[in-house]
Amino acid sequence: MVVDNFSTQSDQLRPAAPTLEQVAERAGVSRSTASRAINGGLRVSPEALSAVEAAVADLGYTPNRAARSLVTRRTDSIALVVPEPDERVLSDPFFAGTLNGLSTSLADSDIQVVLVIARPGESERTIRYLRNGHVDGAIVVSHHRDDALDRALLASHVPNVFVGRPLSAPDEDVQYVDTDNTEGGRLATQHLIDRGCRRIATIAGPQDMSAGIDRLAGWRQAMSEAGLDQAAVVHGDFTITSGAHAARDLLTRFPDVDGIFIASDLMATGALGVLAELGRDVPGDVAVVGYDNLGVAASTTPPLTSVIQPVVAMARAAGARLLDQLHGAPTGEPLIFAPELVVRASA
């Protein structure tokens, strides 16, 4: 009871928050003009807009977000959709880089990011959430073929941008930002060839993701151009554990390999542990090149030669493109970053 009395007294002492009517009166405009000025300035003269902005600053007025969303039909939030298990999102530096880049692109706006982890088999639930007006748009990363998010988002007309080339919908119908993964795989493999490696294997990524498909295609391209055998292929899922399992399988089936292109640095980390366990010197016995260059590459033993995937820049560009869509700007061609190789001690 004492607490209730204290709250009542505090409420009585606290000055009332300024209202939209007071802003309109101070600015010398109608309430509807003040509302339009605060919610984007559409059909408001420069003079009235300036007067309303001054009144807002003088009074310390803060718009009611819920009321504003009813008028504008905007939530001032976007979804970062990650179709991966929870543990992947929390442990993979790719997703930290994505959040970093996306946050940077939104720094000058009032838009908030909602993380949506679309666990395997929950694509329909995710699409339902996006279509029901909870967010203004979506950034999708780590897209798999079976989640079909690209086709579903295309049909829903929810503004969206993919980080990574979608697999189901036609390229010309979907906005996306990516790196040239085929060229990156070729670049990594060519580096091993130029070092003198001739029995070159690859630990490829999952073949239901464009990055896994394209990096393997790049390895095959370089191997074909050099006239080298392409039999030594095993697959992982871009995790440390899968890289270790794949490396053990690879070295059992192809014990004479002298070079390995591994389609992610996390898989390469697992593979390096297996090579050390089996007494294979890197790069003396086996040269290793990874892909991503997201921080872990510099801390492996030995430090890992790796292809740069500019995740922060990609996510920043995806965020900027989504903002353009939300502001009614026309969509453009897919943005593809050129890969670069960082040479370290592993190859």
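Here's the picture: charge each Lys and Arg Cβ at +1 and each Asp and Glu Cβ at -1 in the chain, and of LEU192, LEU250, GLY270 the one pushed furthest to the positive end of that dipole is GLY270. In the chain, helical runs assigned H by DSSP with n ≥ 4 each contribute -39500 (n - 2.57); averaged across all residues and rounded to the nearest 500, the mean residue ellipticity at 222 nm is -14000 deg cm²/dmol. For the options ILE78, ILE260, ILE213, a Gaussian network treatment of the chain with springs between C-alpha atoms closer than 10 Å singles out ILE213 as fluctuating the most.
The relative contact order of segment 200-347 comes to 20 percent, based on Cα pairs under 8 Å that sit 6 or more residues apart. Among the protein heavy atoms, those of TYR176 account for about 10 Å² of accessible surface (1.4 Å probe, every chain in place). Just to be sure I understand, if you calculate semi-axes √(5λ) of the Cα gyration tensor in Å for this structure, which of [x] 47, 28, 23; [y] 52, 21, 18; [z] 34, 21, 20 do you get? The calculated read-out lines up with [y]. With the whole protein complex present, THR179 retains an accessible surface near 0 Å², based on a 1.4 Å probe. Using C-alpha pairs below 8 Å separated by at least 6 residues, the relative contact order for the chain is 16 percent.
Extending 7 Å from Cα along the Cβ direction at GLN112 and again at ILE336 yields two label points whose distance is 3.8 nm.
The values are calculated or read from the model by the stated rules, or taken from the named source; none is laboratory data. As the structure is a computational prediction, the values presented were derived from the model and not from experiment. As a convention, Cβ positions derive from the backbone with ideal geometry for all residues, glycine included, and neighbour counts pool all protein chains shown. Just so you know, the surface numbers come from the protein's heavy atoms only, side chains and all, with ligands and any DNA or RNA stripped out. Shrake-Rupley method; radii C 1.70, N 1.55, O 1.52, S 1.80 Å.
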